[in-house]
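Here's the structure we're looking at; comments come further down.
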Amino acid sequence: MQKYSVFSLIKNAFKGHKDWEVAWKDPTPKKEYDVIIIGGGGHGLATAYYLAKEHNITKVAIIEKGWIGGGNVGRNTTIIRSNYMHDENGLFSEFGMDLWRNMSQDLNFNVMFSPRGIINLAHSDAQMNAYSRRGNSMRLNGIDAVLLNREEVKKIIPMADFSENVRFPIFGGLMQPSAGTARHDAVAWGYARQADSMGVDIIQNCEVTGFDVSNGKILGIRTSKGNIKAKKIGLCVAGSTNILAEKLNMTLPIETHLLQACVSEPIKPILDNVVTFGAGHFYCSQSDKGEMVMGGDLDGYNSYAQRGNLPTLQHVLTEGIAMFPFLSKLKMLRTWGGIMDMSMDGSPIIDKTHIEGLYLNCGWCYGGFKATPASGWTFAHTIAQDKPHELNAGYSLNRFSTGHLIDEKGLGTKTWIS
Amino acid sequence: MLHIKCPHCGLRSQNEFSYGGDATVKRPELNKEVSDKDWDNFVYLRKSPRGKHLELWQHISGCRQWIKVERDTLTHEIFKTLKANEEV
């Protein structure tokens, strides 16, 4: 594989950029693989990469219905954080933070990881207490957390509404300074390029139409490009999980819902951090191009549409304007939607299934992008060793029936209420 | 904007309604032994189909009645609306 560096850039510039190698090939599927990963999103690509890198399993195929970077990995708001209270989520995400910090070097691809810090705003004394509890839990797990009072928040984001007569005054906030953003496309491309270079076949425009299961053991898949055999198969398809589960006669604690995001026209640098509104559901950061990147609530009813509805956008941006009044002056540049695999306790599932050789990775809700490296790493471990790593042991499929929920927000099973 | 025909009030816009989830989920019968599996099914497991989905909505800013809506989860087309006690 051609190494990307400033020297290769200069060398290719002199040749008119005509000699760059393709970043990944476009192979026809082989008859059989050791492992097939269904879903060429961030998590699927990362899984294939860590299968090759950490476990030396390279006879791997990624089967993608669309194209690399076309799903949720290219549709999110690029936020990376580990500000969780529960041990399972905190330790898992903090493990991921280390992978994020080294990702550009590891993948030889600039993913533009920018640890700019995230601030969750608090709008009442009770919320300050809750944040102080969450912050303490985070610090016990080795995650950085700083509780900010109103004046400290004002120093960092003076453009927020600090006037006296607002409905939700800012009391303070919880900050994770090491959180940040990364360029989401680069994450997909970086993992795809490295996985490909280690022998993984990335097969795009190939839809899985069925599974071959015999005596409780997976034998292979049926696809629009023919049947492919495999010893092990990992499902990594986010919002499409239920569609494939139905083909396997499985019913899962997952509902598919639509989440929208949007960006404004680009403006000069104003916001250095990621900021979330605490009296509703709105988050905001500024991209390197200057666009304000914003998101919030689900559309609120089961949906596979991948495009959103205006009432939700209006609701979300009303919260945004309550927090940052200047947003009302900006024009909207783009809005888009992605379909989320909403689990019944808000936490993901990375586990084996009752079918031998079939592994499940789903339930990422709002937080799939930041989990990309840790999800791939632990899912690769789970597939290679045929047992979960201690980092994803809590993300079991049977925790719902045994009562070992990881209900970070205490929301219960109404997945569309956020 | 979805337009939902409330069986009590007529065609209204989506903002008057709040969502109530899958209407095909049935609570295990009262005063009978419930197995863990049945309870798990009822509380957590959802088919979440792509296509026709029968779901509950409440006309919260209208007549406040719960209704059933048969809707396509891919195209958002609404085929049928029913009173809560009616079957498809």
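Within the stretch A:1-132, the proportion of Cα pairs with more than 25 Å between them is 47 percent.
Can you give me the % of accessible surface on the stretch A:261-384 that is carbon or sulfur? Probe 1.4 Å, all protein chains present, nothing else counted. Roughly 55 percent of what the probe reaches on the stretch A:261-384 is carbon or sulfur. Among residues other than A:ASP34 whose Cβ falls under 13 Å from its Cβ, what is the net charge (Lys/Arg +1, Asp/Glu -1)? Around A:ASP34, the charge tally is +3.
Surface exposure of the stretch B:1-60, expressed per residue as accessible area with a 1.4 Å probe, stands at 60 Å².
For A:SER163 and A:LYS387, the difference between the fully extended length at 0.36 nm per residue and the C-alpha to C-alpha distance is 75.2 nm. Once the Kirkwood radius over Cα pairs is known for the stretch B:26-65, the Stokes-Einstein relation at 10 °C and 1.306 mPa s delivers a diffusion coefficient of 123 µm²/s.
Panel values: chain A, Kirkwood radius from alpha carbon pairs, Stokes-Einstein at 4 °C and 1.567 mPa s, translational diffusion coefficient 59 µm²/s. The residues neighbouring A:GLN306, those whose beta-carbon lies less than 13 Å from its own, together hold a net charge of +3 under the Lys/Arg +1, Asp/Glu -1 convention.
In the context of the full set of protein chains, chain A has a per residue accessible area of 42 Å² (1.4 Å probe). Diffusion coefficient (Stokes-Einstein, Kirkwood radius over C-alpha pairs, 25 °C, 0.890 mPa s) for chain B: 175 µm²/s, rounded to a whole number.
Select from the stretch A:294-315 all residues whose loss of accessible area on going from the chain by itself to the full protein assembly reaches 30 Å² or more (probe 1.4 Å). Those residues are A:TYR301, A:ASN302, A:TYR304, A:ALA305, A:ASN309, A:PRO311.
If you look at the Cα atoms of the stretch A:55-165, you get an Rg and a Dmax of 18.6, 63 Å.
Chains A and B together bury roughly 2200 Å² of accessible surface, counting both sides and using a 1.4 Å probe on protein heavy atoms. Seen from all directions on average, the stretch A:269-315 presents a Cα convex hull projection of 4.3 nm².
Non-local lysine pairs in the stretch A:221-318, meaning eight or more places apart or on different chains, with alpha-carbon distances under 19 Å, amount to 5.
Rolling a 1.4 angstrom probe over the stretch A:54-152 with all protein chains present gives an accessible area of which 48% lies on carbon and sulfur atoms. Its DSSP H runs of at least 4 residues, each contributing -39,500 (n - 2.57), put the calculated 222 nm mean residue ellipticity of chain A at -8500 deg cm²/dmol, to the nearest 500.
The values are calculated or read from the model by the stated rules, or taken from the named source; none is laboratory data. Owing to the predicted nature of the structure, the values given are computational and were not obtained by experimental measurement. Note that each Cβ is placed from the backbone with ideal geometry, even for glycine, and that neighbours are counted across all protein chains shown. The protein model used for the area step is the full one, side chains on, heavy atoms only, and it has no ligands, DNA or RNA in it. Shrake-Rupley method; radii C 1.70, N 1.55, O 1.52, S 1.80 Å.
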